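The values are calculated or read from the model by the stated rules, or taken from the named source; none is laboratory data. These numbers were taken from a predicted model, which means no experiment stands behind them. As a convention, Cβ positions derive from the backbone with ideal geometry for all residues, glycine included, and neighbour counts pool all protein chains shown.
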Amino acid sequence: MGGRLTVWRPGSPRAPGGSWIRAHGLEVALVLPLVAYLALLTAAPIVETVRLSVSSPLDGGFPSLGRYRALLASDLFRAAFRNTLVVALLSLVLETGLGLALALTLHRRFPLRGLVRTLVLLPLGVPTVVSAAVMLLVFARSGYLNALLLVGADALGVLGIEWRFEPVAWTVEGGLPTLLTVAVADTWKVVPVVTLILLAGLQAIPEEVEEAARVDGATGWRRLVGVILPLLVPYLTAAVILRAIDAFRIFEVALVLAGRVEPVLGTFIWNRYAPPTSDPFTAAAAAIVLFALILGFVVLYLRLVAGRQEVTA
Amino acid sequence: MTEAARRPAPRERPRAGTRLFFAAWVAICAAAALCPILVLLMVSVAPGSALFGERPPLFVTTPTFRFWRVVLEGGDLWAPLGKSFAVAVMTTAGALVLGAPGAYTIARLPARVRYGVVVGLLVTRMLPEFSIGVSVATRFAQLGLADTYLGLALAHLTGVLPLVAWLLVGAFEGVPRDLEAAAAIDGASRLATLGRVVLPITAPALAVTALFAWLYSWNEFLYARLLTTSQNTLPLQVFQAIDRGTRQQMAAVAVVLVLPILGVVAVLQRHLRPGALAGAIRG
């Protein structure tokens with residue numbers, strides 16, 4: 001990243017008679033520590049990962065696509081890839097939908113709004129590992145979701161509706177129930193982030209715009225789709241991209257809730273690297289695939305949804 | 001958007017049914033956010049019989065503090081708590097010391113370069129933390145930084161800085177250059193201008209940034225796992241309890257990890273004006 005800075009053209013005219021250093025010395029001094037840090041602890045490790053991923057562990061051959069070929073041939077990797085895609089897309093849909101609904105709710109005025117706002121944002125403060133632990137208590141076979149559903153089945157029975165509910169072992173069932181569990185667990189923790197970003201967007205919409213739509217007789221739904229959502233697009237894009245980056249890299253929650261039955265790329269990479277396998281080469285190649293997946297998603301999203309909107313200034 | 005500006009707008013009053021529906025929706029949202037945290041509290045005081053079996057009871061009726069005593073007296077709590085706290089503080093300080101000056105310079109770059117730098121920083125976040133973490137762990141082992149507080153804080157910064165830069169570049173861009181020029185005409189040095197003009201204006205954004213950095217470090221699991229051989233951080237302690245502790249012990253450690261943060265979030269979210277984020281997301 002740092003390399004870019006050496007080619008920048010000064011933003012302001014040169015100080016008369018002064019050198020470039022004199023005019024911009026302060027800025028350079030301010031940015032240098034950051035550049036040094038990023039070069040050593042971000043850029044260098046990334047280069048190292050790329051190098052590992054195209055090295056051959058057997059004969060030290062370089063460059064070699066052997067690791068990538070091995071990945072493609074691995075059933076476990078293909079399952080991890082598919083699961084990552086499913087979990088990430090599920091949680092993105094859940095998080096964006098719920099986040100938007102919550103932001104619209106909190107943007108209105110109602111009694112106790114401050115309290116509700118605090119409660120709804122609380123999961124933001126729950127560490128990911130803890131959210132995984134909580135969800136283990138909720139989704140286990142003898143967990144609270146099953147208990148609740150059993151109570152529900154009883155209540156329906158009292159009303160004369162026969163519904164036999166068999167407790168589901170959500171986290172060890174495998175397949176869609178387990179992936180859904182992971183997505184829901186992730187959603188619970190991060191919806192507040194999306195809510196905050198979209199709330200910022202809603203507050204940036206001038207009151208007159210909504211007022212004008214109201215005066216023109218647009219109903220609530222039409223105002224939302226026709227007026228508010230288009231103005232929210234930059235914020236939605238920022239939220240989706242920020243979330244996508246983390247959703248595809250999902251790790252702790254998947255490790256705790258689905259670690260033994262459904263691999264995702266995050267846990268796959270972890271297991272390649274960890275002692276029984278100890279294969280940093282394959283781990284690095286899988287990391288690059290995950291990176292490409294995220295980059296691909298973001299580019300695709302920007303092309304399809306955001307059009308020519310630019311996310312940052 | 002002041003209260004006064006809102007008031008004159010004549011607004012149709014929603015019907016009772018709509019209001020009821022809205023109230024129910026708000027209640028469900030609040031409950032859904034809160035319940036998992038309550039479950040955690042409840043399980044930490046549950047007797048063993050309340051958690052297992054074909055049909056566990058929904059509520060714990062006979063709380064026991066047996067497991068809390070084990071956790072509090074077992075010596076596996078205070079040291080991780082201290083380490084997590086110290087590392088989070090160091091990470092926050094580092095994020096502000098490295099991030100704020102750097103972001104100021106980036107914010108003063110020509111628009112296209114600035115855009116490229118910020119996007120480039122975000123792209124580094126698309127790599128799994130793992131791939132940066134492994135290489136950092138190897139290097140730290142050579143430097144004697146593995147298993148130190150400083151090493152872990154430095155590692156956490158790799159995850160924090162891209163976000164910090166993104167948030168702060170947006171904030172510094174919002175400071176008009178004319179303001180700085182005016183201060184210069186009044187004879188203030190550039191550094192004084194930064195300290196007395198630019199920093200106060202961007203204080204809310206700096207506070208949000210600090211909060212994010214703190215939370216990231218307090219939450220962080222993977223770097224901690226890779227760089228730790230002796231002293232666990234709290235998230236590692238929770239993970240260990242998931243692996244081989246009782247559910248109650250896991251819940252008790254988790255409660256310790258969560259409670260201070262809930263306090264922080266509850267207090268700070270009042271000041272955490274969404275507007276502080278807006279600078280980063282302008283269309």
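Computed quantities for the displayed model
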| quantity | calculated |
| --- | --- |
| Test: B:Phe221 is of a type outside the set (Gly, Ala, Ser), within 10 Å of chain A (Cβ to nearest Cβ) and over 23 Å from B:Ala93 (Cβ atoms) | no |
| Hits in segment B:80-102 - residues which are in contact (Cβ under 8 Å) with a residue 60 or more places away in the chain, within 23 Å of B:Val198 (Cα to Cα) and not polar (S, T, N, Q) | B:Gly94, B:Ala95, B:Leu96, B:Leu98, B:Gly99, B:Ala100, B:Gly102 |
| Some residue of segment B:164-174 being at the interface with chain A (Cβ under 8 Å from one of its Cβ atoms), outside any helix (DSSP H, G or I) and among the charged types (D, E, K, R) | no |
| Top-ranked residue in segment B:129-157 [being of a type in the set (Val, Ile, Thr) and free of Cβ contacts under 8 Å to residues at least 40 places away in the same chain; ranked as farthest from the other protein chains (Cβ to nearest Cβ)] | B:Thr148 |
| Selection count where residues are under 16 Å from A:Leu58 (Cα atoms) and within 10 Å of another protein chain (Cβ to nearest Cβ), scope segment A:273-284 | 3 |
| Complete set of residues in segment B:227-251 that are crowded, with 24+ Cβ neighbours inside 10 Å, closer than 22 Å to B:Pro128 by Cβ and more than 8 Å from chain A (Cβ to nearest Cβ) | B:Thr233 |
| Sole exception among (1) closer than 25 Å to B:Val265 by Cβ; (2) assigned to a helix (DSSP H, G or I); (3) over 19 Å from the mean Cα position of the chain (by Cα) for B:Val118, by number | (1) |
| Residues of segment A:116-154 classified as over 27 Å from the mean Cα position of the chain (by Cα), within 8 Å of chain B (Cβ to nearest Cβ) and either in a loop (DSSP other than H, G, I, E, B) or closer than 30 Å to A:Leu202 by Cβ (or both), total | 1 |
| Cβ pairs under 7 Å, 6+ apart, first in segment B:37-51 and at negative phi and surrounded by 17 or more Cβ atoms within 10 Å (Cβ to Cβ), second modelled with pLDDT under 85 and hydroxyl-bearing (Ser, Thr, Tyr) | B:Val39/A:Tyr144; B:Val45/B:Thr64; B:Leu51/A:Ser142 |
| Criterion: without any contact (Cβ under 8 Å) to a residue 12 or more places away in the chain and not β-branched (Val, Ile, Thr) - qualifying residue of B:Pro176, B:Pro235, B:Pro204 | B:Pro176 |
| Which listed residue, of A:Gly226, A:Gly220, A:Gly296, is away from every other protein chain (no Cβ under 11 Å) and surrounded by fewer than 16 Cβ atoms within 10 Å (Cβ to Cβ) | A:Gly226 |
